[in-house]
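Everything on this sheet refers to the single structure shown next.
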Amino acid sequence: MSFAEIFTVVVPVFLVIAVGYATGRRALFDAGGAQALRELTMQLALPAALLLSIWQTPRQVLVEQLPLVGLLAFGLLGVYAVLLGVLRLAARRPLRRAALFALACVQPQYAFMGTSILGGLFGAAEAAVPIAVAGVLVNVVLDPLVLILLGMPEHQASRTAASVAAVRRPALVTTGGAPTEGAAPAPAEASSPEDRPSVLRTVGHALREPFCWGPVLGLVLSVSGVGLPEVADASLTLLAGASSAAALLYVGVSVSRIGRPTLTPAVWAVSLTSVVVLPLLVYGVGLAVASAADAAQAALIVAFPVSPVPLMFAARHGSTTDVRTIGSAVVLSLLRSFVTLPLLIELVG
C-alpha cells in the first residue's frame, strides 16, 4: 500500500475527529450528548458490526487467530505488568500512580478508531477479530485488575507483584475504551473472600453488555456453521453503519472536554510509549514468534492513542496532577498518532 493510499484511510478519520472536537468546543454536544454518542457506539452500532463481521468469518479463519490472541495478551497485559513493576520498584512511584500511568501507556482507543482504520486497511471482517480479542482482554482482565490495585492501601504495595500474578477476576468492565456508566470502583478490600460475590456480580453485569457478548455470539454462530439470514444481514449492516462516525465524533468531543495539554516529561513519556514504543515492541515480538500478518494487526491495535479510561480512573483514584498529566497524554497521543499511524502502517505493509 502506497503512502498516498494510507493517508486516504487515515486522514478522513482525523477529519471526523476534528469535527467532533469543533462541535464539542462550540458546546453543540454537552455531557449528555457525548454520553449518547458513546452509548450509540458501544451498546448498538459497534456490537452489531462485530457480530456481523465475525459471524461472516469462516471458522477455520477464526482458529488461525490464536497467535494474534497471544500477541495482544503480551502487548496489553504483559507489558502492563512490566511497566507497573518498573514504575513501582525502580522509579519508586506510589502504587496508585504506577498503576494509572502503566495503564495509560498500554490501553489504546482500539474500538473507537480501530473500526475505521483497520476496516479500511484489512476489511471489516479482518478488523473485527483483533478488536473483539482486545475487548475481552481489556474488559475482563486489564481494567478490573487495575481497579483492584487502585483500591489497595498503599501499605500493601509490597504485595503488588503477587496481586498482578494472582488476580484473575475482574472488578469492573469497560467497553472499548470507555467505562460502563454506573459501575462502581473496586473497594480496598476487593480481593478479600467476603467481597468476591460482589465482584462476581459486577462481572456478570458487565458480561451482559452488548460489546462483550456480541462478538462471542458471532463466534458461536460462525463455529457452529449457522448461516446468516438475509434479513439479519441487512439489519445488522444498517446498524453497523453508524459505528464509525459515532465513535470518531465521540473521540473528538471527549478530547475537547480535556482542554489544553501540559507538556511535562511524564506526558511526553506516556504518549511516546503508547503510540511508538509499544506498537514497535509488539510488532518485533510478533515477527519473531508469529506471522507478519498477525504481527501487523497486533501492532496496529496497540498503536492507537491513549484511551480515556485511565483518565477516568485517575479522576476517581488519583490526584489532580495525575488527572492533568493523563489527560494531556490523551490529547498529545492523538496528535502524535496522526503522524505515527501512517508511518507504522507503511512499516508493517
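The values are calculated or read from the model by the stated rules, or taken from the named source; none is laboratory data. Note that the structure is a prediction, hence the values are computed from the model and not measured. Here the Cβ positions follow ideal geometry from the backbone for every residue, glycine too, while neighbour counts run over all protein chains shown. Each accessible area value is taken on the protein alone, full model and side chains, heavy atoms only, with ligands, DNA and RNA left out. Shrake-Rupley method; radii C 1.70, N 1.55, O 1.52, S 1.80 Å.
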query = Between the stretch 35-58 and the stretch 67-99, how many Å separate their Cα centres?
reply = 29
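For the stretch 1-108, report the % of Cα-Cα distances exceeding 19 Å.
72
For the stretch 50-124, which trypsin sites (Lys or Arg not before Pro) pass both filters: DSSP loop (anything but H, G, I, E, B) and at most 16 other C-beta atoms within 10 Å?
92
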ask   = Which cross-chain or sequence-distant (5 or more) residues have an amide H under 5 Å from the amide H of residue 306, H modelled 1.01 Å from N in plane?
value = 333, 334
message = Treating only the Cα positions of the stretch 219-333 as identical point scatterers, give the base-10 log of I(q)/I(0) from the Debye formula at each q in 0.20, 0.23 Å⁻¹.
response = -1.04, -1.15
ask   = Rounded to the nearest 20 Debye, what is the dipole magnitude of the stretch 1-155 about its Cα centre when Lys and Arg each give +1 and Asp and Glu each give -1 at the C-beta?
value = 540
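Send over the per residue convex hull volume for the stretch 84-153, Cα only, as a whole number of Å³. Intermediate results must be reported in sequence, preceding the final value.
Working: hull volume 6.0 nm³, N = 70.
Residue-normalised Cα hull volume stands at 85 Å³.
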query = residue 104: net charge of surrounding residues, Cβ under 13 Å, Lys/Arg +1, Asp/Glu -1, itself excluded?
reply = +2
key: Descending Cα extents along the principal axes, the stretch 254-309, whole Å   = 41, 23, 13
query = So, with a 1.4 angstrom probe, what is the percent of accessible area on the stretch 38-88 that is carbon and sulfur?
reply = 74
